[in-house]
Amino acid sequence: MTIRLEPREDAGLGLKIGVSIAAGLVALLLVAIPVLFAGGSPLTAYGLMIQGAFGSMFAFSETLNRATPLILTGLACAVAFRAKLWNIGAEGQLYIGALAAVCVGSGLLQLPPALMIPTVMIAGFLAGGLMMVIPTVIKQRFGADEVVITLLLNFVVILLIQMLVEGPLKDPLSMGWPQSVSLIAEAKLPKLLPRLRMHWGLIVGLVAALVLWLMVRKTVLGFEIRAVGENKAAARFAGIPVDATMLKVALISGGLAGLAGVGEVAGVKGYLSSDLSPGFGYSGIVVAMLAGLSPIGTVIAALFVAAVFVGADSMSRATGISSYIADLVVALSLLCVLVGSFFLRFRVKWERQSVVA
Amino acid sequence: MTNTPVLLSLHNITKRFGALTANDGISLDLHRGEILALLGENGAGKTTLMNILFGHYVQDEGDVRVLGDGGLTTLPPGSPGAALKAGIGMVHQHFTLAENLSGLANIRLGTEPLLSFGREGAARAKVQKIIAESGLDVDLDRRVADLTVGEKQRIEILKALYRDAKVLILDEPTAVLTPQEADGLFVVLRRLAANGLGVIFISHKLGEVLAVSHRILVLRGGKKAGELVTANADRRAIADLMVGKAVATVVRTPASPGEVLFALENVSLHGASGRSLSGVSLALRAGEVVGLAGVSGNGQSGIAALISGLAVPTSGTMRLYGETVSRADPRALVANGVARMPEDRQHDGVVGTMSVADNIAIEEVRSAAFSKMGFLDRKAMRERATAAIAGYDVRCQGPEAEARLLSGGNVQKLILARVLERGPRVILANQPTRGLDVGAQAEVHRRILAARDRGAAVLVISEDLDELFALADRFVVVHAGELHDAGPSEGLDRGTIGLMMAGQSHLRTEMAS
């Protein structure tokens, strides 16, 4: 018997969605093993997780709140990966976006909310975008690998933020806590519902997903991004300005991650600190991959990952099983998606050894 | 030489890739102590034949026999391991060395069990003995990355000899060498042959084949075109064998050249080797097809890059309709009526995962024809694609089919539809029919000649001389980055072009006088 791999002609939409769902399920199945080791019952644990994520209005709003930055960082990764620009730096871009929001929105400008909020958002978008444009320029000029640059810049940025919130930006009223001055009220994103933490950032994320979806399908820019991502040589031959297109992608990608940072500062915390993001930038990579780089899929994948995190927190409180289970589920679902994408490209055939003539 | 025993015998080897027959019933014998040259143009089937011999490909018919202990034995097809064991050593055009290891480590690599200690001394002694016998001098302890190309090649040859090769195959070994290094290699090869090795030397360069080989086997279009002993071979006869006789496919009426539409004036281009040009002048006239002949890698890609708008001259002037082109901008050229067919149509011509409609619109996607205010006009794109599919007989599922699902011939028809439907005034057809079957070839030729008759200026770049003779009104030959005018195609013959391709442009003048 031999195993033969045949390239698939075309994987249908159903198969693509199926692989993503299967990846999530397989990850949950695999995580049952450590749950058993921790002395819990996987069924109970997952039941509690679902309850913790969707069981009440409060729980669901927390899941949506958690999903908000993930939608934006997920879109940031999805749009970049589509152009084969490997942005691993959404985490840093998120912080820089948040930093820009604080710089502009903590008293430097005094505008009514209708102007202040867009200003803060634009500042965060441009700052985050610049953080991705720089590595892209370095890549184009010197051939340096953007994976390495963007990844390492994350650590540079987080150290910069730590320095700033301990120093120049430190809030004198924070009683010694390393956190920045607060945003003025006009710069804060309104809550969606009273008494819940959900904020308008969610709407921004959903609109961004819709805009990206339209851009990819309907606009010349989306056409060019697809061409550059799928076959750079043919795109260049056809006259598509490859470098300029990549820079546009970089700006959009970094900008979306920057918006995620704006949302966390202006919608949730109100100030900047170096623990603003529990790895939203990195989780965005998983979200984008789970979504198969589709903008609409990103929203759904972000909800899944957010639910896992929020549900695991709640489950952990009830059972004593570590909430690190959530990281395990998310990491394993990425691995499963990567394995699954192999089956999207190839059809596996088992056959008896053929006689070579 | 033929009185020594046969080391290797290929019998009636046939290999097909889809519609293309790369090797068609080829037989050859290699004797002990003989250097056999395998000569042919690009695409003649040389490399395919050697890949079958070495077990990289499985032949459709025929077999490979190697001298073993009990006389000639048939090699199992498709097994490089068996070929190695039988004493066949291959030096590929692109080296297969681990750059971060020493020369000696590379030579030993794969010959010893995973856990082996204390064998280095024995291995070194064996390699040094081979070096002494062959003259393949090289520092065994330097990292391969620090060696010159010529030294790396020596390591490759040593690698084969270390495995007790009886037959050594060298695929275009001089392509990467300087003339001095090549001469050194020839000395080594003669010594190796004198010591009893059989050598197969693959090349498309006439001169070196005459210099080093005992016997020459000429391949053309996958078939054996001739076999001769080097000592009595005539240069001209071999050139004729290599390029073959005319097989007209399309009837070409006499041209009526008009004004110059595109011109290169004393253009030089600095770039990667094989792309550099020095002092090239070329004029493309309305209603005339110029055929560009040359051995691949002599500057064709540089000329193609200029006309395609992917490069601008380093010095000299490029003119389109008399105006200087100073910016590399494919879109501007396309908008000004330049049609470009890329050399590698699958790689540069289409985005495989995008649809036929997308690929037809791709060059002009920003123009008003296909977009408005930055939004795609899907309807216009689909209509254009539907018309193209019908008009150019592109066989596909429809405008939305992915381009990667199309066959090579249909991809070329797609590109023809993309570039010719605009009624271009200047056309670059780079290897327009490479890999296409005869029917598709004739169709492409017909379209190109129709465009010429409409008044377009055409440059055809091809490695297929038959094709150039079918299409071209005038010939230019590129060699080592320089362009030589060969004049009108009437009165030219293959042999002359073949010699000019080999850099013997003075012979043409002699014969003309």
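A few remarks follow.
- Of all the criteria given as (1) acidic (Asp, Glu); (2) in contact (Cβ under 8 Å) with a residue 12 or more places away in the chain; (3) closer than 26 Å to residue B:162 by Cα, the one not satisfied by residue B:69 is (2).
- Segments classed as helices (runs of 4 or more DSSP H), wholly inside region A:136-248, with at least 2 members that are over 30 Å from residue B:356 (Cα atoms) and out of contact with any Asp or Glu (no Cβ under 9 Å at 6 or more places or on another chain): A:146-166, A:201-218
- In region B:326-381, the residues that are in contact with a Phe, Trp or Tyr (Cβ under 7 Å, 6 or more places away or on another chain), within 22 Å of residue A:243 (Cα to Cα) and among the aliphatic types (A, V, I, L, M): B:361, B:365, B:376
- Residue B:163 meets the conditions (1) touching a strand residue (DSSP E or B) at 6+ places or on another chain (Cβ under 7 Å); (2) under 24 Å from residue B:68 (Cα atoms); (3) surrounded by 21 or more Cβ atoms within 10 Å (Cβ to Cβ) in every case but one. The failed one is (3).
- Filtering region B:353-409 to residues that are within 18 Å of residue A:222 (Cβ to Cβ), loosely packed, with under 14 Cβ neighbours inside 10 Å and under 29 Å from the mean Cα position of the chain (by Cα) leaves nothing.
- Residue-level check: of (1) assigned by TED's automatic domain parsing to the domain that holds residue B:283; (2) among the aliphatic types (A, V, I, L, M); (3) farther than 25 Å from residue B:343 by Cα, residue B:369 misses just (1).
- Some residue of region A:239-247 being buried (at least 24 other Cβ atoms within 10 Å of the Cβ), without any contact (Cβ under 8 Å) to a residue 60 or more places away in the chain and not small (Gly, Ala, Ser): yes
- Scanning region B:164-193 for residues that are modelled with pLDDT under 90 and under 22 Å from the mean Cα position of the chain (by Cα) yields B:171, B:172, B:173, B:174, B:175, B:176, B:177, B:178, B:179, B:182.
- Residues in region B:82-103 that are assigned to a loop (DSSP other than H, G, I, E, B), more than 25 Å from residue B:7 (Cβ to Cβ) and more than 27 Å from the chain's Cα centre (by Cα): B:100, B:101.
- Residue match in region B:414-425 (condition: within 11 Å of chain A (Cβ to nearest Cβ), in contact with a Lys or Arg (Cβ under 8 Å, 6 or more places away or on another chain) and assigned to a helix (DSSP H, G or I)): yes
- Selection of region B:345-391 for residues being part of a loop (DSSP other than H, G, I, E, B), free of Cβ contacts under 8 Å to residues at least 40 places away in the same chain and either more than 10 Å from chain A (Cβ to nearest Cβ) or not basic (Lys, Arg) (or both) yields B:365, B:367, B:368, B:369, B:370, B:373, B:374, B:377.
- Condition check for residue B:273: modelled with pLDDT of 75 or more and polar (S, T, N, Q): no
- All conditions in (1) within 14 Å of chain B (Cβ to nearest Cβ); (2) touching a Gly at 6+ places or on another chain (Cβ under 9 Å); (3) not aliphatic (A, V, I, L, M) hold for residue A:224, with the sole exception of (2).
- Residues (farther than 16 Å from residue A:87 by Cβ, in a helix (DSSP H, G or I) and in contact (Cβ under 8 Å) with a residue 60 or more places away in the chain) located in region A:278-306: A:290, A:296, A:297, A:299, A:301, A:302, A:303, A:304, A:305, A:306
- In region B:309-332, the condition of being within 28 Å of residue B:399 (Cβ to Cβ), part of a helix (DSSP H, G or I) and among the aliphatic types (A, V, I, L, M) is met by at least one residue.
- Selection of region B:288-316 for residues being closer than 13 Å to residue B:264 by Cα, buried (at least 23 other Cβ atoms within 10 Å of the Cβ) and away from chain A (no Cβ under 14 Å) yields B:302, B:303.
- Unique residue being away from chain A (no Cβ under 14 Å), modelled with pLDDT under 90, closer than 30 Å to residue B:494 by Cα and surrounded by 17 or more Cβ atoms within 10 Å (Cβ to Cβ) when the list is B:18, B:45: B:45
- Answer from B:303, B:202 - the residue that is under 17 Å from the mean Cα position of the chain (by Cα) and not assigned by TED's automatic domain parsing to the domain that holds residue B:183: B:303
- Matching option when the condition is crowded, with 16+ Cβ neighbours inside 10 Å, among the hydrophobic types (A, V, I, L, M, F, W, C) and more than 17 Å from residue A:304 (Cα to Cα), among A:45, A:67, A:53, A:76: A:76
- Selected residue (only one of B:207, B:196 is over 26 Å from residue B:4 (Cβ atoms) and either of a type in the set (Gly, Ala, Ser) or modelled with pLDDT of 90 or more (or both)): B:207
- Residue list for region B:317-341, restricted to those being charged (D, E, K, R) and surrounded by fewer than 17 Cβ atoms within 10 Å (Cβ to Cβ): B:319, B:323, B:327, B:329
The values are calculated or read from the model by the stated rules, or taken from the named source; none is laboratory data. The structure presented is a predicted model; accordingly, all values stated were derived computationally and were not measured. FYI the Cβ positions are ideal-geometry reconstructions off the backbone, even for glycines, and counts take in every protein chain you see.
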